Amino acid sequence: MITTGSKYCFGIAGLGSLGALIYMILINPSDVGVLALLGIAIAMSIVGGVTQFTGDFDADTVSDAITVSASAPANSMWPLLLALGGVLLLVGMTTNPIIFLLGIVVIVAAGIEWALQSWAERASEDSAFNRFVRERALTSLELPLLAGGAVAVIAIAFSRIMLAVSPENGAIIFIVVATAVLAVGFLIAVKTNLKKTSITAVCVLGAVALLVSGGIAGQSGNREQLVSAAAEEHYSHKDCEETASKYFDKNSEKTVSMKSGILATIRVKDGKLSAQLIGLDAPVATVTVARSNQATILFRNLDDEEHRLVANLGVKKVGETGVVEKIVDCTQMTGKNQTQALLLKINKPSASSGPYTFTVPGLEGQEIALVVP
Amino acid sequence: MSHEGTLPVSKQNMTIFGGVKSQGRLNRKKTAVMAFGVLFMAGCARDAPQDTWQPKGENASNINTLQWIVFPLAGVVGVAVFALIGFVLWRYRDKGQAIPHQSHGNPAVEITLTIIPALILSVVGVFTFRGIFQLAQTNDTQMVINVTGQQWWWEYDYPAQVVNGVEISQPIITAGQLVIPTDTKVLLRETSRDVIHSYWIPALNGKKDAVPGRINLLRLQAYKPGIYAGQCTEFCGLSHANMRMEAVALEPADFATWVANQQRNAQQPAQASLAQEGEGVFLNQCIRCHQVNGLKKADGTAAIAAPDENVYSGAAPNLTHLMSRNTFAGAAFDLVTSDCRKNIWTASPEQFGAAYLEGVSPKCLNQTNLRRWLRNAPEMKPMYADPTKLASSDGKYRGMPNLNLSESDIDKLVAYLSTLK
Ligand SMILES: [Cu+2]
C-alpha cells in the first residue's frame, strides 16, 4: 500500500515533471525553470520513497493525531477584520501605498488575534479559563502597541503645535500644558474618591483638545521663520570661510561614528595639514577619489583654534553669463579634538577644471592634492 | 565565451555524459559508477585557473591550510553520519514488528555525543580564528589599490604612492585586469557604484563583497608572475556571468615599466592616418562615455568624458591604455588572438613579464572580437543598453549601447584604438 504521506510527495513529483515537460515545450527547454521544476520532482520522489520505505505517516496515525475539540468556536470579529485587511490590501495596491501598508497591519493583527483566540478556545473545556489564557497571551502584545500608538499621536500633534507657534508662545504653551497635566495627575492621586467617569471625561477632553489643535496647527504649517529659513537654504548653503557662519555652523555635530566607508582622514595638528589613507600608515600628499562615486573624508582637528576642511573642486561657468564661479564643498567649523565627515561625489575628473585640492582656511600655503582620475 | 579552458570542468562532463548516453547498452549500475567516476575525475582538471585548492599567494595559502584541516574533518563526520542514518533506516524499517522497549535518556551516550563534537569544533575553531586574523591583517600593507565594481566590469585606480621604491606620482586608472607586483602585500579597497558585487581571485585570496557606500578591504599577494583569473561572485544583474577579472602579477622591475607606461598620456596619431580619422570618430561617438587621457577636442581643449550623464553607474572604462590589457569588457573577451593568448598564459614565470608588457601588438590584436564589440556590444555581452528602454533606468545605459557604426567608421576606430598602448 502507498502511504498517505508518500502519496502527496509522489503527487507533487508527478506534477513537477509534468510542469517541466510543459515548460520545455511551451517556453524554453534549457531554461532554469525546467531545472527548478525537475529539481522539485526529484527531491519529492526521494522524500516520497523514504517515507514509503520507512512506513511513516500511516493514515491511522494521522487521524489519531487529530483530537477534535468538543466545543464550537465562539463569535469572533477577527475573520471580518481579516477580510477588511484583504480589501485594504487590494485597494492600496492600486491607489495609495499607505492604504496597502494599513492592509498589511490589519491582516497581521487580525491574524494573530484570530489564531490566539481559536487556540485559546481549545485550551480547555472551561470557557472562563480559555478567556483568561487568551487575555494573558494577548495583553502583552496589545498594550505596548496601543501605548506606542498613543505616544506617537501625542508626539506628532504636540510637535505640529510647537512648530506652528512662535518660540516665545511655544515656551508659554509648554509651561501651561505641563503644569495642567501635573495638577490633574496630582488631583487624581490625592482625591481617591473621584468618580471614574469624571476622570475619563477629563482625559477625553484633553485628548480631543490635543488632536484638534494639532490638526489645526498641522494645516496652518510651520511658523514664518522656519519657512523662510528653508527657502533661503540657511542650513544647506555652505559658507566655507575661515570664520564661523551664522547658520551653517550652528549645530555642528561633535563626533562622527563612521567606521567603514571612509576613504581618507585629514588632520590638523600644530598648524600642519596631513592626510592618511585607510589601510596605509604613511601620510600621503595626494588623495585619489574615483569619479562619480560617493567618497567620505574625515576631518579631524587636533588644534585649539576651530578649523574647517574645504574641498576646492575647480570652477564652473554660470549659465551664459561667462561668470566663472569656484566649486567648493566643506565641513562645518570643527573644534579641538572633534571630527567631521565631508561627503564628496565628484563627477568630473580633475583634468577637466583642476587641479582640485583640500585646504583649511587659516592655514595658508598648505594643501593636499585631490585627484579624480 | 572566448576563454577556452576557463571552465573545462563542465565541458568535460558534457562530452563524457554524451558518450555514456549513446552506448545505451550499459546497465544502470555501471552508468551510475561511471557518472560518479567522471564527476570525481572532473575535480582533478588540470587547466582550472579558478581552483581554490591551488593557492598562488600567501592569503590563498592560509585559506588552503585551513580547508585541508576542516574539509577532511567535516568529510569524515558527514560520511559517518549519513552512513549511520542509512544503516538505521534500513535495519529498523517497519516490517510490522512489535514496538520495541521505550526508554528515556542515556547520560553516558549524551555526554559523549556532546563532548566529541565540542572537541572537533574547538579544533576547527582554533584554526579558523587563526585564519580569520591572518586574512584580516592590513598593518603591513605595501601598496593600496582602489577597486570599484559596476555593472559589469571592475575599475582599478592606483593612488599616488611609492611601491618598492617605484613612485606612482600620478594616479593610474585601468579596468578589467589588475596589475600588481609580485611578493608585495597589496591592499584592495573595494566599493561599488551601483549594486553589490564581489571580488574573487581564487588563487590569491577568498572573496570580498564590493558594497556601495562602503569600503571593504581585501589583501592580495602573488608569489610568482602570471595571470590569475576570477569572477564576480555576487549576483549583480544581467551580465553577472560575464563580469570577470584577472590579476596580473609582474616582477617588481616589470611592474615599474608598466607604471611608467600607464602614467603617460595617449599619443596623438600621425597626421592624415586612418588612426587620426578614428580619433575624430572617437570624439564624436565615444568620448561622451570613455575617457582617453590627453585627448584634445578640435579646438585644442581637453576632451572630458561624461559617463555620469550617460551611464547608470556613472563610469565607463578608461581607454587610454586599452592595448596594454589583453582582455576587455569585464575581462570576458580576449583582445588578443587565441595563439597569442596561449603564449601569455603558458609563459614561464621568467618570460611572463616580457610577454605581458608587449601588450596587444598589431599581430596579436583580436580583430574579430573588437569589431564585433564595436558593431553591436549588447549582442556580444547582454546589457541594458537599448535606447528605446532608457526610461526604466533613469535615462541612462547600463553597459555600452549599439551605436550603429558604419563598417568604415569601425575600421577607423580599430586603427585609432590600436594606438592606445
Ligand atoms: Cu558583479
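The values are calculated or read from the model by the stated rules, or taken from the named source; none is laboratory data. This structure is a prediction, so every number in the text was calculated from the model and none was measured. When we count neighbours, we look across all protein chains shown, and the Cβ atoms used for this are built from the backbone with ideal geometry, even at glycine. Calculation scope for accessible area: heavy atoms of the full protein, side chains included, ligands and nucleic acids excluded. Shrake-Rupley method; radii C 1.70, N 1.55, O 1.52, S 1.80 Å.
Values as computed for the structure displayed
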| quantity | calculated |
| --- | --- |
| Choice from A:Asn96, A:Asn169, A:Asn312 showing the highest fluctuation, given a GNM over chain A with Cα pairs closer than 10 Å | A:Asn96 |
| Average Cα contact separation per residue, chain B, under 8 Å, 6 or more apart, as relative contact order % | 14 percent |
| B:Thr114 - accessible surface, heavy atoms, 1.4 Å probe, Å² rounded to 10 | 90 Å² |
| Sequence-distant residues sharing a close amide H with B:Ile180 (under 5 Å, placed H) | B:Val248, B:Ala249, B:Leu250 |
| Chymotrypsin sites (Phe, Trp or Tyr not before Pro) restricted to DSSP loop in the range B:62-105 with at most 13 other C-beta within 10 Å | B:Tyr92 |
| Global form of the range B:58-136, assessed from the alpha-carbon gyration tensor, a/c cut-off 1.5 | oblate |
| Most mobile listed residue (B:Val162, B:Val109, B:Val195) in chain B, GNM with C-alpha springs under 10 Å | B:Val109 |
| Relative contact order for the range B:199-246, counting Cα pairs under 8 Å that sit 6 or more residues apart, in percent | 39 percent |
| Solvent-accessible area buried by pairing A with B, both sides, nearest 100 square angstrom, 1.4 angstrom probe | 2400 Å² |
| Gyration tensor verdict on the protein assembly as shown (Cα atoms; rounded if a/c is under 1.5, prolate if a/b is larger than b/c, oblate otherwise) | oblate |
| Given charges at Cβ of Lys, Arg, Asp, Glu: the protein assembly as shown dipole, positive-most of B:Ala415, A:Pro144, A:Ile46 | A:Ile46 |
| Relative contact order (%) - criterion: Cα under 8 Å, at least six apart; region: the range B:239-317 | 21 percent |
| Within 10 Å of each Cβ in B:162-169, the average number of Cβ atoms from other chains | 1 |
| Extension gain, A:Val208 back to A:Val315 (0.36 nm per residue minus Cα-Cα distance, nm) | 32.8 nm |
| For chain A: rounded, prolate or oblate by the Cα gyration tensor [a/c cutoff 1.5] | oblate |
| Per-residue mean of C-beta atoms belonging to partner chains within 10 Å, peptide A:288-301 | 6 |
| Kyte-Doolittle at least 1.0, axis length at least 18 Å by Cα - qualifying DSSP helices, chain A | A:4-26, A:32-54, A:78-94, A:97-121, A:127-164, A:167-190, A:196-220 |
| For the range B:141-421, alpha-carbon Rg and Dmax in angstrom | 18.0, 52 |
| Residues of type aspartates and glutamates that B:Lys224 reaches as a straight line, Cα spacing below 14 Å, ignoring anything fewer than 8 places off in the same chain | B:Glu58, B:Asp183, B:Glu251, B:Asp254, B:Glu350 |
